[in-house]
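Below you'll find the structure, written out as structure tokens, and then a few comments.
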């Protein structure tokens, strides 16, 4: 993101209107760009939309609206094309804010492998298993 936007980004905890704070994944040095980063997949193994993951993204969006200082740019960064596709589908139906920029990024190969393994393990943990007798 530093190359794309010409400044450095850091995880920060800016003030919210509620006088509390929330951690954001990437905030520019000047505070004018705030981003949330997601590695979630937009479809389940069954091929259906990953509704619970979409709800998490919507929850992240809510925190942007609660910021004390409204940034010039609000960006949602995704590593998975399926999540970008799901967000765009929701936008077309009028169910996702238009003012958020959507950015698809490719993870470095070593990090992508770690994320894929983590997703595989998480999927196994929540998948129903059949008992054999």
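Coordinate-derived values only; no laboratory data. Keep in mind the model is a prediction, meaning the values are calculated, not measured.
For segment 52-133, what percent of Cα pairs sit more than 18 Å apart?
That tail contains 56 percent of the Cα-Cα pairs.
I want to verify a result. In a Gaussian network model of the chain, Cα cutoff 10 Å, which of these has the top mean-square fluctuation: 58, 74, 95?
Maximum fluctuation in the GNM of the chain, among the listed residues, is at 95.
Given contacts defined as C-alpha pairs under 8 Å and at least six residues apart, what's the relative contact order of segment 2-126, whole-number percent?
The normalised contact order for segment 2-126 reaches 21 percent.
Please find, in a Gaussian network model of the chain (springs between Cα atoms separated by less than 10 Å), the residue of 40, 82, 18 whose mean-square fluctuation is greatest.
18
Rg to Rh for segment 2-126: what is it, with Cα atoms only and Rh by Kirkwood?
Checking Rg against Rh, the ratio lands at 0.98.
Which percent, to the nearest 5, of DSSP beta bridges fully inside the chain are antiparallel?
40 percent
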